[in-house]
1. Of all residues in region 269-308, which are over 14 Å from SER349 (Cα atoms) and either of a type in the set (S, T, N, Q) or modelled with pLDDT under 90 (or both)?
2. What number goes with the only condition from (1) under 27 Å from VAL92 (Cβ atoms); (2) at pLDDT 95 or above; (3) surrounded by fewer than 19 Cβ atoms within 10 Å (Cβ to Cβ); (4) out of contact with any Asp or Glu (no Cβ under 7 Å at 6 or more places or on another chain) that GLY263 does not pass?
3. Which residue is most open to solvent (accessible area, probe 1.4 Å), if the candidates are limited to region 91-134 and must be part of a loop (DSSP other than H, G, I, E, B) and within 19 Å of GLU369 (Cα to Cα)?
4. I need a count of the residues in region 155-177 that are part of a strand (DSSP E or B) and within 12 Å of PHE102 (Cβ to Cβ).
5. Might you check whether a residue that is within 20 Å of PRO453 (Cβ to Cβ), part of a strand (DSSP E or B), among the polar types (S, T, N, Q) and modelled with pLDDT of 85 or more occurs anywhere in region 538-557?
6. Give region 153-180 a look and list any residue that's of a type in the set (D, E, K, R) and over 16 Å from TYR133 (Cα atoms), or say none.
7. Do you know which residues across region 185-237 are among the aliphatic types (A, V, I, L, M), in a loop (DSSP other than H, G, I, E, B) and at pLDDT 90 or above?
8. Show the residue pairs meeting these rules: Cβ distance below 6 Å; 6+ apart or different chains; first residue within region 106-130 and among the aromatic types (Phe, Trp, Tyr); second residue open to solvent by less than 10 Å² (accessible area, probe 1.4 Å).
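The values are calculated or read from the model by the stated rules, or taken from the named source; none is laboratory data. Being a predicted model, the structure only gives us computed values, none of them experimental. With ideal geometry, Cβ positions are generated from the backbone for all residues, glycine too; neighbour counts draw on all protein chains shown. Side chains are part of the model used for accessible areas, which takes the heavy atoms of the whole protein and leaves out ligands, DNA and RNA. Shrake-Rupley method; radii C 1.70, N 1.55, O 1.52, S 1.80 Å.
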Amino acid sequence: MHRPRLPRWPLFVLAVSLAWPGVLAAQHNEPPPPAAYALQGVTVVQADGSMLAGVNVVIRGGMIEAMGADLAIPADAELLAGDSLYIYPGIVDAQGEAEFEFPEIEVDRSEIASWDPPRNAQGFMPHRRVVDYLTETGPGLAEQRKSGVVAAAVLAGDRMLPGSGTVLVFRKDAEVPGALVAHPVLGQTASLRGAQGVYPGTLFGVMAFYRQTFEDARHQQAHIQAYDRNPQGVTPPTWDPDLQAVRDMMAGSTPVFFAADFGRDIQKILGLAEEYGFRPVIVGGDEAWKVADEIEAANVPVLVSLDFPKPERWKPAEDEEEAEPGNGNGDDLDAAAQREKQELEDLYSNAGRLADAGVTFALTSGGGEADMLEGARKAIEYGLSEQDALRALTSTPASLLGIGYVVQIQSGMSATFVVTDGPLFDEETAISYTFVEGAMEKGKEDKGSGEEPTVDVTGTWDFEIDAEGETMEAKLVLTQEGASVEGSMESQFGTATVTSGSVSGNEMNLTISFSMGGEGFTLEVTGSVEGDDASGTGDFPMGSFTWTAKRTGGPGEEN
């Protein structure tokens with residue numbers, strides 16, 4: 001019987017699913033987890049830095065069933081392998097990332113007056129809630145879990161008052177967005193960013209707008225109270241969801257996550273908060289160290305971003321002894337390199353200075369972009385203690401977000417923690433396992449042999465997968481820096497992301513993540529590179545394939 005030919009990517013998935021039944025529901029057809037997990041002889045480190053060595057831990061039914069030095073390992077438990085393992089509280093990212101999408105608002109600027117624009121043009125929409133537009137599910141957060149992140153706050157954006165955020169626990173098996181939600185409404189997100197082409201477009205205008213808005217909210221509250229006391233002769237009040245959200249801010253019932261980096265802007269926010277009664281949390285705070293005493297006196301927390309820019313002119317030596325004249329490390333730095341050095345060192349030392357001043361702070365990814373452990377190590381190098389760093393990654397953000405339970409490692413509590421193969425802040429330490437409410441995710445594997453790369457895979461590649469005679473063609477765009485590889489894969493059915501990649505010698509290893517039908521999948525690709533040609537093998541959720549690739553363009557070239 002003749003069948004019409006299907007497009008290549010669905011045909012590829014169909015071929016794979018015929019060979020390995022159930023691939024399209026792989027998330028549900030994987031072998032069931034064991035009745036229990038066990039860890040033997042581990043070192044447990046609590047959020048306050050206290051530790052206990054030689055502990056056995058049993059996880060069952062999403063909980064820590066028991067833990068102790070002499071605890072017997074149950075016969076039905078899967079004993080997780082690893083030498084000299086450590087258990088730490090999981091990372092809580094107080095400025096994290098998860099997929100959500102507010103409706104796109106079309107504004108015809110030719111039809112509005114720049115001095116009296118609608119609220120959506122101003123970025124003033126505090127009635128919106130991220131939780132109502134959340135699209136993320138548990139499988140899509142796998143890479144963050146592998147990096148040790150177990151929970152996060154998702155803020156509403158970078159407009160003036162774009163809406164309220166939400167708090168998520170990164171549950172592995174959450175099939176719908178709501179199953180991730182710990183607290184639906186976190187608090188308003190705010191910034192000093194002006195509107196484009198309309199009022200308020202300047203910092204002066206933004207500050208005036210905030211004050212006018214707070215006064216409008218006060219006036220509306222007085223109107224409502226007067227009507228409630230005696231409606232006779234009083235115009236009935238109308239409900240304004242945006243001003244209602246502002247009144248809630250002024251009541252101090254929830255914090256306001258206010259983005260600001262410059263010291264002078266932080267001072268403006270502190271003054272505005274004192275005047276109108278809202279509870280700010282400073283987000284970003286690159287120059288918070290400059291006004292640390294004022295922040296501490298106001299008892300305002302800071303979410304310190306670890307999304308540090310990479311040096312361009314200044315090239316810090318890995319070892320001071322390697323510094324030589326002319327290499328950008330010694331005393332011969334030009335003025336631009338010296339400025340960059342000072343700016344970066346101020347960023348690196350920001351958290352340590354805040355700790356010394358007694359400011360409450362958490363370390364964040366800055367919106368999901370930064371490697372938080374790498375950033376924390378840099379902050380430690382520049383004066384932050386490991387104990388303060390651990391608290392700032394775990395218990396402090398968990399407390400600020402109202403989910404303190406996720407970092408408690410003890411019998412009877414939710415089994416939510418990370419397992420590492422060494423002390424958390426050691427350069428060579430890797431995350432072996434991440435547990436979120438008892439569901440286990442293996443950490444990122446080091447696929448390379450440790451050899452220095454002998455090839456550079458940067459460029460655009462024509463990429464073809466062959467699974468039992470069925471093929472898929474795509475374009476792979478890669479960027480290599482040192483041994484690390486980033487990039488994306490384009491096909492007629494969308495874009496997939498290279499979520500991890502490495503080169504060792506001439507061997508390339510890639511993890512390519514994509515979604516289909518609401519499910520998340522990964523391709524694990526391994527192969528060798530010879531000039532502009534590459535080939536190898538790979539794994540799909542339920543089987544394997546071969547692949548070939550040819551480089552058709554170098555860095556920055558369009559094809």
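1. ASN299
2. Among (1) under 27 Å from VAL92 (Cβ atoms); (2) at pLDDT 95 or above; (3) surrounded by fewer than 19 Cβ atoms within 10 Å (Cβ to Cβ); (4) out of contact with any Asp or Glu (no Cβ under 7 Å at 6 or more places or on another chain), GLY263 violates only (4).
3. Only one residue tops the list, namely GLU101.
4. Qualifying residue count for the region: 2.
5. Within region 538-557, none of the residues are within 20 Å of PRO453 (Cβ to Cβ), part of a strand (DSSP E or B), among the polar types (S, T, N, Q) and modelled with pLDDT of 85 or more.
6. If the condition is that a residue be of a type in the set (D, E, K, R) and over 16 Å from TYR133 (Cα atoms), then ASP158, ARG159, ARG171, LYS172, ASP173 are the ones that fit.
7. VAL185, LEU186, LEU192, listed by residue number.
8. These pairs meet every condition: PHE124/MET160; PHE124/LEU161.
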